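Here is the structure we will look at.
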Amino acid sequence: MDTTTWIIVLVVVLVVAALVAWLVVQQRKKKQHEHAERLRTEAQEHASGIPEAQVRAKEAEAEAERARLEAERARERAQEAQVAATQQEAVHEDRLRTADRVDPHVDTSSDDYTPGSTGDPDTVLDADDPRRTGGGGTGGTGGAHSA
């Protein structure tokens, strides 16, 4: 074999190698395209559930807002109840102080004075006595306030 034959054989081998490489690249592109089409089809099928998921999300958001508003109302009711309880405590303490001022056995000027501490834990003011009928009163003081 002379040099020309070797050159021809080498050119043919290179052309065949280039052709094989080109076919491999084309095959790979075709497979990638098919894979991309499958992914698009799956995405399209999945997209049909998006509106339903959005509706569920909006419903959950609305329910959360209703719960937030109900919690706000409950907190307001709790605050109102706390204010009412504090007012009741103040009225009760005022009645005890009034009774203590009237009672000659209670020293209201003492440093350790506590309203209602007469030494008798069973003492009940007339106005606080549930057995009493007739709507309250002045705690049996008759309206007199003396120290």
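Please treat every number below as a calculation from the coordinates, not as lab data. What you see is a predicted model, and the numbers here were worked out from it, not measured in a lab. Positions of Cβ are backbone-derived with ideal geometry, glycine not excepted, and every protein chain shown enters the neighbour counts.
In the stretch 1-22, the residues that are without any contact (Cβ under 8 Å) to a residue 24 or more places away in the chain reach residues that are loosely packed, with under 10 Cβ neighbours inside 10 Å with C-beta atoms within less than 9 angstrom, at least six apart or across chains, in these pairs: VAL9/MET1. Scoring ALA74 on the criteria (1) surrounded by 10 or more Cβ atoms within 10 Å (Cβ to Cβ); (2) of a type in the set (A, V, I, L, M, F, W, C); (3) outside any helix (DSSP H, G or I) leaves a single failure, condition (3).
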